[in-house]
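Single-structure report; data block below.
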Amino acid sequence: MPIPGVIDSSKTAHLNFSASLLVVGGGGAGGDGGGGGGGVNYVSTLTITQLQPISIVVGASGSNSSFGAYTATSGFRYSSTTGGSAGTPGGYAGGTGTSFGGGGGGGAGGVGGFGTGVAINNGYGGNGGIGVTSNITGSTQYYGGGGAGGGTQSQGTDATSVYGGGGGNRSTQQGVVIVSTPNTYLGTPTSTLSYTKSTNGNYYVFTFTGTGTGTVTF
């Protein structure tokens with residue numbers, strides 16, 4: 001028989017709270033053309049139920065990321081001299097090119113640049129398409145930028161990106177899942193994937209960078 005005034009720990013209420021979410025797919029591989037940036041899925045208001053496990057995937061290079069039902073697909077690898085398209089959401093196309101200058105990979109925020117050149121001494125690779133910005137961590141950063149196209153004279157420029165960038169002059173970037181909760185959430189998430197915790201004003205920011213498939217419970 002329950003003792004009056006004492007909470008039965010086996011029947012603890014599952015409390016809901018609102019959070020915001022950013023899911024970024026891994027970037028696509030680059031070569032003659034640049035790799036496409038990963039898709040970027042931002043959810044401004046997401047209801048999370050404490051003590052309920054949520055499936056989570058952080059995509060390595062060329063792999064999808066997800067958090068529950070929210071997915072961001074990977075960027076596509078280059079095809080010959082054409083840059084790869086970005087993943088979805090976003091999904092801008094890569095630029096076309098020539099055998100002397102490959103097109104840039106598409107970004108989550110814009111198309112890849114065109115490669116040019118008709119001879120070995122004047123081939124210029126296209127620039128990577130722009131990613132999209134988010135300040136979910138407290139600083140404005142780009143995600144899902146396209147990679148640069150190659151060129152016999154000079155390569156293009158990779159679009160700025162911290163996660164989800166396509167390959168080009170830089171290595172292909174992995175994806176990421178970021179969850180921002182009010183600082184009234186005092187629990188400690190448990191997850192099979194590694195993460196870091198930071199503070200952004202009145203919010204806690206949990207950044208999951210351990211690639212693979214797992215669960216997280218808040």
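The values are calculated or read from the model by the stated rules, or taken from the named source; none is laboratory data. None of the values given here were measured: they were computed from a predicted structure. Every residue, glycine among them, receives a Cβ derived from its backbone with ideal geometry; neighbour counts consider all protein chains shown.
Based on this model, can you work out whether Thr188 counts as over 19 Å from the mean Cα position of the chain (by Cα), of a type in the set (Ser, Thr, Tyr), surrounded by fewer than 23 Cβ atoms within 10 Å (Cβ to Cβ) and more than 24 Å from Ser18 (Cβ to Cβ)?
No.
Of all the residues that make up segment 162-206, how many are closer than 28 Å to Gly94 by Cβ and either without any contact (Cβ under 8 Å) to a residue 12 or more places away in the chain or among the hydroxyl-bearing types (Ser, Thr, Tyr) (or both)?
Total meeting the criteria: 3.
Give me a count of the residues in segment 10-55 that are surrounded by 14 or more Cβ atoms within 10 Å (Cβ to Cβ), at pLDDT below 95 and of a type in the set (D, E, K, R).
Looking only at that region, the number is 0.
Identify, from the list Thr96, Thr71, the residue that is touching a strand residue (DSSP E or B) at 6+ places or on another chain (Cβ under 6 Å) and of a type in the set (Ser, Thr, Tyr).
Within the list Thr96, Thr71, the selection yields Thr96.
If I go through segment 22-48 residue by residue, how many of them are closer than 16 Å to Gly90 by Cα and not in a loop (DSSP other than H, G, I, E, B)?
Matching residues across segment 22-48 total 7.
How about segment 157-172: which of its residues are farther than 14 Å from Gly84 by Cα and either β-branched (Val, Ile, Thr) or more than 9 Å from the chain's Cα centre (by Cα) (or both)?
Across segment 157-172, the qualifying residues are Thr157, Thr160, Ser161, Val162, Asn169, Arg170, Ser171.
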